[in-house]
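Here is the structure we will look at.
The values are calculated or read from the model by the stated rules, or taken from the named source; none is laboratory data. As the structure is a computational prediction, the values presented were derived from the model and not from experiment. So basically every Cβ, Gly included, is an ideal-geometry build from the backbone, and we count neighbours across all protein chains shown.
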Amino acid sequence: MVSLTAADESLPTVEVVKLLTPSTVQIVTEVAGMAFSNSPTPPTGVGTGVVLDLEGHILTNNHVVDSAQKITVTLSNGESYPATVVGRDQITDLAVIHISAEGLMPARLGVSADLEVGQDVIAIGHALGLIGGPTVSKGVVSALGRTINTDAQTTMVDLIQTDASINPGNSGGPLANDRAEVIGINTAIIQEGRGIGFAINIDDAKEVAMQLLERGYVSRGFLGIRPVNLTPAIANQLGVDLTEGIVIAFVIDGTAAAEAGLLSEDIIVELGGEPIRNTGELSKFLIAHGPGETVDVLVVRQGRELSGQITLRERPE
């Protein structure tokens, strides 16, 4: 039996793995097959999750459980349980699911704000769905505060970059420090790069998980726009000398943005005095500034800066 040690005590990798393995689960999903598929079994996916509490709540990536018709969680002791979705957040790629099981071992969550580049980290997860328990890899924090674009409308920010090997199936699993504390949720790799993986920092993940547990969704201030990351091609098309910002693809009628006079092709560069360089920073801002709050807004319209105020609203159902 391995006992938890003081939070400031470093542990050998073997001990970290012994402590974290009971808190790390395999998640297998089944999605509805195509209508004309001849396959007798539905397509499946494999991911990883982190046990949050004794009640059976598990933190994972949204893309692990998105569109799943059936979710099965397998604990480190081999016992399997059906799972239900408590809440999902596509923007931050996080989700909380639930199982009814006894004797769970919640993971100890650390503080990612204390991380330093070069610090040792350990990734645990069910890479490639291989039989025989989770895969363990070790590396360092390669960089902090990384930003990656997942598509034209979605940016993930404040990510932890690590060279600890992360593979398909690791998604949703823990990235831990040498005190067996989870400091990140493994989420992405760059296919063309070697030894480049990313994890959602646990400070942001804890905030999102708390809201998913409380209400099943993340409460954000709502602007009422379709945001698109500014690219050199779009900047050239709009005739502006900018490299960062949020382009408004369109404004939804009757929303805060419409009332504030924002227009399509406006480029949001600041909200509440904070620079807004991409959709990830917009997401973090709207989590921190809820419905009913009035904030300053700075946009660039046809090359001219315009300032005003906007009162955020609740996202409609």
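Out of GLY132, GLY87, which single residue is outside the structural domain of GLU281 (by TED's automatic domain parsing) and modelled with pLDDT under 95?
On inspection, the qualifying residue turns out to be GLY132.
Quick one: in the range 266-290, of everything that is surrounded by fewer than 20 Cβ atoms within 10 Å (Cβ to Cβ) and more than 22 Å from the chain's Cα centre (by Cα), which residue is nearest to ARG215 (Cα to Cα)?
The residue in question is GLY272.
Among the candidates THR279, THR255, which residue alone is hydroxyl-bearing (Ser, Thr, Tyr), outside the structural domain of VAL85 (by TED's automatic domain parsing) and within 29 Å of ASP203 (Cβ to Cβ)?
Just a single option satisfies the conditions, and that option is THR279.
So which residues in the range 61-75 are among the polar types (S, T, N, Q) and under 16 Å from LEU212 (Cα atoms)? Spell out the reasoning first.
Of the residues in the range 61-75, the ones among the polar types (S, T, N, Q) are 61-62, 67, 69, 72, 74.
Passing the criteria: ASN61, ASN62.
So, in the range 184-214, of the ones that are of a type in the set (Gly, Ala, Ser) and not in a loop (DSSP other than H, G, I, E, B), which residue ends up modelled with the lowest pLDDT?
For the range 184-214, the residue satisfying everything is ALA188.
Out of all the residues in the range 92-105, which are under 18 Å from GLU214 (Cα atoms) and in contact with a helix residue (DSSP H, G or I) (Cβ under 9 Å, 6 or more places away or on another chain)?
THR92, ASP93, LEU94, ALA95, VAL96, ILE97
How many residues does the range 75-103 hold that are in contact with a Phe, Trp or Tyr (Cβ under 8 Å, 6 or more places away or on another chain) and not charged (D, E, K, R)?
5
Filter the range 259-289 down to the residues that are of a type in the set (S, T, N, Q) and assigned to a helix (DSSP H, G or I) and list them by number.
THR279, SER283
Checking GLY172 against (1) under 15 Å from the mean Cα position of the chain (by Cα); (2) assigned to a loop (DSSP other than H, G, I, E, B); (3) without any contact (Cβ under 8 Å) to a residue 60 or more places away in the chain, which test does it fail?
Just one mismatch for GLY172, condition (3).
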